[in-house]
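Here's the structure, in structure tokens; my notes come after.
FYI, it's all coordinate maths here, none of it is from the lab. What you are looking at is a predicted structure, and each value in this text was computed from that prediction instead of being measured. Because the Cβ atoms are built from the backbone with ideal geometry, glycine has one as well, and the counts that use them run over all protein chains shown.
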Amino acid sequence: MGKYKYLIALLSVFNFLLTPIHIILTGLDPAKIIVINYTLVILSSSLLASIKWVKFSTYILGSVTLLFIWLEFSNPNSVSVLSCRLLFSFLLFASFCFILIRQLLKIKEINLQFILGPILGFLYLGIIGGILFESIHFIDPNSFKLIKGFSGYSFYYFSFISITSVGYGDITPLTAPAQSLTLVMNIIGQFYSIIVIGVFVGKYINVKSS
């Protein structure tokens, strides 16, 4: 299990990003699909932690996040529930990023974990950006020009569009906070790719020369 923990976590996050497709194909209650996929992300990402209390902490944080997700479906107009869901979601994925970085720093050779780890980190980054974009929209509903029939998922879509610098233009930041966060996500996305490629090439050279 430990050998494939990065692959398991990566597949679970990809599965989480495909949640809208699961809802359409299965016809099940969106709340159940989201909670199931979120639970898989929590369980698989917690495998990355090598310290028991850290892993237990992610379980606790993930359980609290799931609780507020359920509460949000039953109380869609509750400001306090939405605020807590965004806060704990951010803390949860930030902790996953922290755990992942600590684990990647320990890897001394090029292997499956070293290859999959940065990809997983990129997905975590996109999800964190989505949470931040959704938070800005929550604070000021006029922050974005949104597509017709948008949902909370639209902000995660926009986050990945931003960090990859694709820029389809279907969602547009209108206010200064939204524009500044979009700019930051663009810069982070570009530097992330450069740094990962640089580290990968450097470690490959070190392995070959040793």
Once residue 29 and residue 150 are pulled to full extension, the length gained, defined as 0.36 nm per residue separation minus their Cα-Cα distance, is 41.7 nm
Which of 55/108; 3/108; 32/145; 32/106 exceed 25 Å between C-alpha atoms? The answer is 32/145; 32/106
Quick calc of log₁₀ I(q)/I(0), the chain, Debye, one scatterer on every Cα, no solvent, q values 0.13, 0.16, 0.18, 0.19 1/Å, result -0.78, -1.15, -1.39, -1.49
Burial-style ranking of 140-153, 35-48, average other-beta-carbon count within 10 Å with highest first, yields 35-48, 140-153
Restricting to Cα pairs under 8 Å and 6 or more apart, the percent relative contact order of segment 1-131 works out to 28
Most exposed first, judged by fewest Cβ atoms within 10 angstrom, 165, 193 run 165, 193
Other residues with Cβ under 11 Å from the Cβ of residue 23 give, with Lys and Arg +1 and Asp and Glu -1, a net charge of 0
For residue 144, other-chain or 5+-apart residues with amide H closer than 5 Å (H placed, Pro excluded) are 174
Per the rule of 0.36 nm per residue minus the C-alpha distance, extending residue 195 to residue 77 adds in nm 38.3 nm
Hydrophobic long helices for the chain, i.e. whole DSSP H runs reaching 15 angstrom or more by Cα along the axis with Kyte-Doolittle mean at least -1.0, come out as 5-17, 30-46, 52-74, 79-106, 112-139, 153-163, 176-209
